[in-house]
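Accompanying notes for the structure given below.
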Amino acid sequence: MNIHDMTRRRFLNDITTGLAGVGLVDLISQSLWADGSTQQSVRGTTHHAPKAKRVLQIFCPGAASHMDLWEHKPSLEKYHGKPLPGEENFVSFQGKNGNLMQSPWKFSPAGESGKMFSSMLPQMSKHADDIAFIHSMHSELNTHGPGCVFMNTGHPTEGFPAAGAWASYALGSANENLPTYVAISDIRGEPPNGKANWTNGFLPAKHQAIMMSDHRPIRNISPPASIKSDEEAATRELLRKLNQQYATANAKESDLQARIAAYELSGRMQVSAPQVSDLSRESEQAHKAYGTNDENKLKAAYARNCLLARRLLERDVRYVNLYCASRASGVDGLLNWDAHKTLKSDYERHCPIFDQPTAALLTDLKQSGLLEDTLVLWTTEFGRMPTHQAGTAGRDHNPDGFTCWMMGAGVKGGISYGATDEFGRRAEVNPTTVWDFYATVLHLLGFDHERLTWYHNGLDRRLTDVHGSMIKNILS
């Protein structure tokens, strides 16, 4: 057509056709890159060659005590029962602190690295030579809800995307029949602040996590028996046309696009999801290794979630959040790792639930070769005090020093980076932030944390806010 013969109506009609073509190109591109290509993502190219294709993040809510699990402190044994020097009258989250309190459990060296492990984690100690411990973490917050959100999103307030949502946005799907990002909550309940820990925030809604667990399968995944397949197909086609018309007229409404994508995904998941969540397909040996039939019902439930996590990862789900414990209850330390009053009995309840199933999951990933391109993270929201809480046999909150760790793709195993002081009170050697932690995670996924951004409210937002430096010492 000659440009001089173009009418306004014809021009607007051609724009509509062009937009449909753009949408088609996007759908085709996602299909082409669904094989996990490391150099190309839905949003463009990675910034450098990645080491990891997927992430497993194990989260223990309640602030798991670093000096009772991962970081041995001989000075606590030497000075047990004496005041903490310089902080004799320190008042923490729930009040005044008493004297220094040694760990109730012995520590012993594990692996060729000789890493000191709590006797409460005998199975996890077998992975000592594969883990890079970061003993110098510290947080901005000392309350569980905001602390969990901060650890998951890099921001202390709700409304920001979780790390898994950023990974979904940056990498796109590697399996179009399963969600890109999955959150597996504990049978005891959701973590503090619930779904804010796996939200998409201001990213398009399709990047939020899909909740799955063995005890709570995806609802309404199977069509009713009364609906015939041709009727369902016709209904889907009509719905597709209506949605497409509305989406063309309201292109900026990401919630609608996410809902359309969710409906399309649910159709594909009617076949794939029942298969991935069917643990009866696993061998008797696997069930025994994980402890899925343990007489401890909480341990058995967590074990089944660990098995589900492995099945999701081996089907190339990009990011899996696996929770061990839940939100706080009326009794501190009952449902999570928040041991204010009775540390010994609390952790003798939680550690057996965590130890065997988690170790079995890590063993599976290693033996299957998945660990070569799967990054495993262990996180908690903050640490605990080296003293006992006044009038109790437990420990209060301590955001000034705690431990997280990494394992797998691109991570140097059998090392400890940073340290708290001799009592475990504060991060002293190589203090490390949540932003440093995620700068390193994004690097292993192939991204410069300063360049992976989303424009929101006048700012180029990022997972690491305006902070963060890569922890080079733990990279292989």
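Listed here are the strands (runs of 3 or more DSSP E) enclosed by segment 377-476 that have at least 3 residues being assigned by TED's automatic domain parsing to the domain that holds L141 and within 29 Å of T363 (Cβ to Cβ): 402-408, 415-417. Only one entry in F107, F133 is closer than 30 Å to R462 by Cβ and crowded, with 19+ Cβ neighbours inside 10 Å, namely F133. Looking at segment 359-368, can you tell me whether even one residue there is closer than 30 Å to S92 by Cβ, outside any strand (DSSP E or B) and out of contact with any Ser or Thr (no Cβ under 7 Å at 6 or more places or on another chain)? No: zero hits. Number of residues in segment 141-155 that are assigned to a loop (DSSP other than H, G, I, E, B) and under 15 Å from G468 (Cα atoms): the value is 2. The number of residues in segment 92-118 that are outside any strand (DSSP E or B), under 15 Å from G413 (Cα atoms) and not polar (S, T, N, Q) comes to 3. Search segment 225-241 for residues being acidic (D, E) and under 39 Å from the mean Cα position of the chain (by Cα), and hand back the single one that is surrounded by the most Cβ atoms within 10 Å (Cβ to Cβ). My answer is E232. Count of segment 321-346 residues, restricted to those that are under 19 Å from M120 (Cβ atoms) and of a type in the set (K, R), is 2. Among the residues of segment 271-324, the one identified as over 27 Å from A52 (Cα atoms) and touching a strand residue (DSSP E or B) at 6+ places or on another chain (Cβ under 8 Å) is A301.
Taken together, A183, A196 contain a single residue that is in a helix (DSSP H, G or I), surrounded by 18 or more Cβ atoms within 10 Å (Cβ to Cβ), at pLDDT 95 or above and not acidic (D, E), which is A196.
The values are calculated or read from the model by the stated rules, or taken from the named source; none is laboratory data. Only a predicted model underlies this, so the values are computations on that prediction, with no experimental measurement involved. Cβ sites come from the backbone with ideal geometry, for glycine too, and all protein chains shown count toward neighbours.
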